[in-house]
Amino acid sequence: VTTTSFDSHSGEAVAMGERTPLALLNPAASARMAVGEAITNIAAADVVGIHQIRLSCNWMAAAGHPGEDAGLHDAVRAVGMELCPALGIAGPVGKDSMSLRAVWEEEGEARSVTAPLSLIVSAFAPVRDVRCTSTPQLRTDQGETKLLLIDLGGGRNRLGGSALAQVHRAVGSTPPDLEDPAALRRLVHAIGELRRSGRILAYHDRSDGGLFTTLVEMAFAGGTGLRIPLDELGSDPLPALFSE
């Protein structure tokens with residue numbers, strides 16, 4: 001978040017989103033989630049509204065490798081023709097790199113490595129007051145406070161492509177996805193209204209590492225411990241704590 005000038009409180013915000021591991025399971029879901037992460041990140045700033053967010057999309061793929069061209073087509077269609085129109089935002093600029101495959105010979109043996117299809121999203125928006133930007137730092141000077149989980153995943157808690165799966169040397173089968181653009185629009189609006197009324201003291205999106213990582217990062221930033229009831233998160237705490 002930066003100011004427009006040295007003597008003003010208005011400004012602009014930039015945020016990023018990427019969910020590359022999900023492309024190994026579902027390229028379209030990976031692209032939608034990258035846009036979703038960029039938007040939930042930029043919602044930490046006092047943006048005027050979701051309609052003023054603009055996206056820059058950096059597409060990367062191993063063009064010509066089996067399945068990659070079709071995956072890129074599905075991802076571009078999911079973002080450019082479906083998700084962004086449903087959100088009411090535009091992605092007027094971007095770039096691409098279509099050579100994410102390297103081939104070489106080592107000791108007389110042909111070798112190659114192919115990177116997964118990737119979409120890196122940069123989101124930009126004007127900011128009314130940079131002083132109203134929320135951070136993950138939990139406040140210990142405001143009396144008793146509560147942490148609220150806004151679950152855009154609707155309790156599905158899908159672990160495909162998650163950090164938890166990766167540390168077990170797995171990919172999983174079902175990735176998270178952004179099925180309800182209207183809910184994301186309402187979230188950005190609600191966060192803005194609550195921030196302006198002074199009801200929000202800290203903010204963090206749930207992305208890499210899931211809810212558990214979100215909680216400990218907020219605890220580290222605030223220098224405080226947490227008491228978290230898991231009763232309402234289902235019978236199995238692992239998917240609830242580590243889905244992304």
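The 3J(HN,Hα) values that the Karplus relation (6.51, -1.76, 1.60; θ = phi - 60°) gives for the range 93-99 are, in residue order, 9, x, 8, 8, 9, 9, 10 Hz. Gly and Pro appear as x. Sorting 168, 65, 9 by accessible area puts them as 168, 9, 65; the probe is 1.4 Å, largest comes first, and only protein heavy atoms count.
Assuming R0 = 51 Å, can you tell me the calculated FRET efficiency for the pair residue 189 and residue 111, based on Cβ-Cβ distance, to the nearest 0.05? Approximately 0.50, to the nearest 0.05.
Heavy-atom accessible surface of residue 224, to the nearest 10 Å², is about 50 Å², with a 1.4 Å probe and all protein chains retained. Looking only at 225, 36, 108, which one moves most when the chain is put into a Gaussian network model with springs between Cα atoms under 10 Å? Ranking 225, 36, 108 by mean-square fluctuation puts 108 first.
If only the Cβ of Lys and Arg carry +1 and only the Cβ of Asp and Glu carry -1, the dipole of the chain around its Cα centre is close to 700 debye. Note on residue 24 and residue 69: their simple-model spin labels are 2.5 nm apart, each label 7 Å out from Cα toward Cβ.
Give me the distance between the Cα centres of the range 1-42 and the range 133-148, rounded to whole Å. Distance between centres, Cα-based: 23 Å. Counting protein heavy atoms only, the chain has 54 percent of its accessible area on carbon and sulfur, 1.4 angstrom probe. In the assembled protein chains, residue 60 presents an accessible area of approximately 40 Å² (probe radius 1.4 Å). Applying both filters, DSSP loop and at most 15 other Cβ atoms within 10 Å, to the trypsin sites (Lys or Arg not before Pro) of the range 175-244 gives 199, 227. Between residue 82 and residue 141, the contour length at 0.36 nm per residue exceeds the alpha carbon distance by 16.8 nm. Here the gap between residue 167 and residue 6, fully extended at 0.36 nm per residue and compared with their Cα-Cα distance, gives a gain of 53.4 nm.
Rounded if a/c is under 1.5, else prolate if a/b beats b/c, else oblate: with a ≥ b ≥ c from the C-alpha gyration tensor eigenvalues square-rooted, which is the range 54-208?
Prolate is the answer for the range 54-208, as a/c is 1.5 or above and a/b outweighs b/c.
The values are calculated or read from the model by the stated rules, or taken from the named source; none is laboratory data. The model shown is predicted, which means the values in this text are computed figures rather than measured ones. Here the Cβ is made from the backbone with ideal geometry for all residues, glycine too, and neighbour counts use every protein chain on show. SASA here: full protein model, heavy atoms, side chains in, ligands and nucleic acids out. Shrake-Rupley method; radii C 1.70, N 1.55, O 1.52, S 1.80 Å.
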